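Peer 1: Mind looking over this structure? Questions follow.
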Amino acid sequence: MPEEGKLAASLFANFTEVPGMPGVFEYHAWKNSSWMVEDISWSLHQSFDTSYNGKPYHVEADWSIHVSREVAEASAYLVLVLWDNDTSLRPFLRREGSFNFTGDEVLTGTLFIVANINVTYDVSVRNVWSNGTHVVQTPNITDPRHPLFPYTLNVTKSGSYSYAWVSYDIVQIKFLDVSLTPGEFLSLRAEMIRYHAIAIKLFKDSNGNGVMDFEVAYDPATKRYYLTNESEEIYHFALERARLAGVEAPHVENGNTLTWALRVEGIKGLLIPSGVSTWAVRQGRVNVTTYDEEISEFGAVFRFSPQTRGNYSVASLKVDTVIGEWSNKTTVEGLGLCFLYLCRHTTIGIERTLSTVNEKGEEVSPEQNSTSLTSLCFRSGEEIVGNITLGGPKYRWNETSYETAYAELVPIRAFNLTYGRIGLEGGVLVEVEREMYLYAVCYPKWSGWKIQHDPEFSMVAGTVTLAPAPTVAPAWYEKPAVAAAIIAVVVAVAVISIIILRRKKKTPS
């Protein structure tokens, strides 16, 4: 087999065709792992400008951190679904013919990682901060929302703490072109939309508009944007323990829906006041009131279905999400719950002008202020790539009533966001254009009770000729989509290998 054929085969070796769903292939894996790391030290220097009550501050701080022992256990569940709309890849995937992409292939992937980590540490901080002029001192500050409050403890500290994290990702990719050359060089032209759940926040809906409003102001002294005291966030939830209790492998329901599911149990965490660092709380560096919370469950049922909508083929993924009942309802009485997502729309190997519009056809920007919406439509140049329906559909509250879910675009400029970068090796050359958005799905009627909701994530596969165009079509189906790529196979597998398998010492199995 030629070298390029070997590379292509390695990407698809584990996909199997789904019975009764022509052109749909799937791969899934559930991995449990553990690791232990000892004696890691690093230094961190912080330098930034900030302000408080209109007063500017310049902060310089040097940190010395030593992790003497880190023990972690993690579980990961990966599902990849390849929809080959015109079945051009079927002979190759069945090992009966040649490698043949035609530009209508869509890959949908979901990845969950649940990790529990115990850390023993030593930290020392040397505070150097200034107000107008550089003055070395330890400030006497008691307000935990003050930007200099974390630097009031100029001491060496040892201790231990436990924490957990749940990584929840959805990726949808469509090919424009995939070509392989001798020497295993892989050329990709594609569109990709990735959704990454990053936070749970609680808010007080003071103005009754259904969303957690973020009020943003600009400070000319520091040349930075910041969230004002008018923002409605009350607490953020810091996870301390969780367990991936079980998964349901992909299977066919109702003849044309591929379904898989997972359930997370044993969920415990802290409610931390808005604006207070989770890391500082875990290390006992701030004196604020936190609240213990246990959540009965977190679950998701994924329903993938290839559909014809008007003149277009659409890969649809509905996610029936369950957030269980919370233990300490007195603290959260009258509050709403907000699920925060980071979204990235990426073109691979092509130059496009990326844009996003709301359900009214109005273009939105990741830099604008908090804006209510019910859906987002992603465009690449003049063509439409995909759509997400956020608010609008009802959510079930406390097993008794159906309420309206709301959504909003969050001003990304007010947040310092970090996210992982996967490096590709083996002669993979990629040019990338990217637009990043932060949005929130809000459930204003909550107060700690169980909620169930099902947002929809869709990507256009291409045009069909089975039916005439409808008289009135939804705005995002008016034009055919461009495309996206199988690079998600590489990325998703790399995520597991880097986050789960890569460790310095392996505990005995």
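Peer 1: Could you tell me the calculated FRET efficiency between residue 49 and residue 102, based on Cβ-Cβ distance and R0 = 45 angstrom, to the nearest 0.05?
Peer 2: Computed FRET efficiency for residue 49 and residue 102 comes out at 0.30.
Peer 1: Moving to a separate point now. Between residue 38 and residue 292, what FRET efficiency follows from the Cβ-Cβ distance if R0 is 30 Å, with the result rounded to 0.05? Before the final figure, lay out the partial values.
Peer 2: On the way: r = 30 Å, r/R0 = 1.00.
Efficiency at R0 = 30 Å is approximately 0.50.
Peer 1: For residue 363 and residue 241, compute 0.36 nm times the residue count separating them, minus their Cα-Cα distance, and round to one decimal in nm. Intermediate values should be presented prior to the final figure.
Peer 2: Details: separation 122, 0.36 × 122 = 43.92 nm, distance 4.02 nm.
Answer, rounded to one decimal: 39.9 nm.
Peer 1: Then there is this: Could you check the simple spin-label distance between residue 248 and residue 353, using points 7 Å along Cα→Cβ, in nm with one decimal?
Peer 2: Roughly 4.5 nm, to one decimal.
Peer 1: For a quick check: with amide H placed at 1.01 Å from N, whose amide H comes under 5 Å from residue 312's, ignoring anything fewer than 5 positions away on the same chain?
Peer 2: Here the answer is 464, since their amide H atoms fall under 5 Å of that of residue 312.
Peer 1: Please list, in order along the range 231-238, the HN-Hα scalar couplings obtained from phi with the Karplus expression 6.51 cos²θ - 1.76 cosθ + 1.60 (θ = phi - 60°), rounded to whole Hz, x for Gly and Pro.
Peer 2: For the range 231-238, the Karplus-derived couplings read 5, 9, 5, 10, 9, 10, 9, 10 Hz, x marking Gly and Pro.
Peer 1: What is the set of long-range amide H partners of residue 69 at a cut-off below 5 Å, with H atoms built 1.01 Å from backbone N?
Peer 2: 39, 120
Peer 1: I've got another one for you. Round to a whole angstrom and tell me the spacing of the C-alpha centers of the range 199-259 and the range 325-353.
Peer 2: Rounded to whole Å, the Cα centres lie 4 Å apart.
Peer 1: Once ligands and nucleic acids are excluded and a 1.4 Å probe is used, how much of residue 353 is accessible, expressed in Å² to the nearest 10?
Peer 2: Roughly 100 Å² of residue 353 is accessible to a 1.4 Å probe.
Peer 1: In whole angstrom, how far apart do the alpha carbon centroids of the range 273-294 and the range 21-68 sit?
Peer 2: 17
Peer 1: Let me ask something additional. Report the gain in length on full extension from residue 95 to residue 16: 0.36 nm times residue separation, minus Cα-Cα distance, nm rounded to one decimal. Could the numbers behind the result be given before it?
Peer 2: On the way: separation 79, 0.36 × 79 = 28.44 nm, distance 1.11 nm.
Taking 0.36 nm per residue and subtracting the Cα distance, the gain is 27.3 nm.
Peer 1: Compute the FRET efficiency between residue 65 and residue 165 as 1/(1 + (r/R0)^6), taking r as their Cβ-Cβ distance and R0 = 25 Å, and round to the nearest 0.05. Don't skip to the end; give the middle numbers.
Peer 2: On the way: r = 19 Å, r/R0 = 0.75.
Efficiency, rounded to the nearest 0.05: 0.85.
Peer 1: Step through the residues of the range 323-339 one at a time and calculate ³J(HN,Hα) from phi using the Karplus curve (6.51 cos²θ - 1.76 cosθ + 1.60, θ = phi - 60°), rounding each to whole Hz and writing x for Gly and Pro.
Peer 2: 10, x, 5, 9, 6, 9, 6, 4, 5, 9, 4, x, 9, x, 10, 10, 9
Peer 1: Which net charge results when you count Lys and Arg as +1 and Asp and Glu as -1 among the other residues whose beta-carbon is under 10 Å from that of residue 106? Walk me through the intermediate numbers first.
Peer 2: Numbers: positive: 174; negative: 84, 104, 105, 191.
Residues near residue 106 contribute -3 overall.
Peer 1: In the range 264-293, whose amide N lies under 15 Å from the spot 7 Å out along Cα-to-Cβ of residue 206? List them in ranges.
Peer 2: Backbone N within reach: 274-275.
Peer 1: A further question follows. Using the Cβ atoms and a cut-off under 14 Å, what net charge is assigned to the surroundings of residue 373, where Lys and Arg are +1 and Asp and Glu are -1?
Peer 2: Working: positive: 360; negative: 213, 359, 362, 363, 408.
After counting each charged neighbour, the total is -4.
Peer 1: Something else: Report the gain in length on full extension from residue 256 to residue 28: 0.36 nm times residue separation, minus Cα-Cα distance, nm rounded to one decimal. Write out the running numbers ahead of the final one.
Peer 2: Details: separation 228, 0.36 × 228 = 82.08 nm, distance 1.86 nm.
Gain on extension, residue 256 to residue 28, equals 80.2 nm.
Peer 1: Okay, next question. Please list, ordered by chain and number, the residues whose modelled amide H lies under 5 Å from the amide H of residue 248; skip anything fewer than 5 residues away on the same chain.
Peer 2: Distant-sequence amide H within range of residue 248: 261, 262.
Peer 1: Which of the trypsin sites (Lys or Arg not before Pro) across the range 351-391 are loop residues per DSSP, with 10 or fewer other Cβ within 10 Å? Please report the intermediate quantities before stating the final value.
Peer 2: Working: sites: 352, 360, 379; in loops: 352, 360.
Sites meeting the loop and neighbour criteria: 360.
The values are calculated or read from the model by the stated rules, or taken from the named source; none is laboratory data. Treat the numbers as computed from the prediction; the structure is a model and nothing was measured. Positions of Cβ are backbone-derived with ideal geometry, glycine not excepted, and every protein chain shown enters the neighbour counts. Heavy atoms of the whole protein, side chains included, go into the accessibility calculation; ligands, DNA and RNA do not. Shrake-Rupley method; radii C 1.70, N 1.55, O 1.52, S 1.80 Å.
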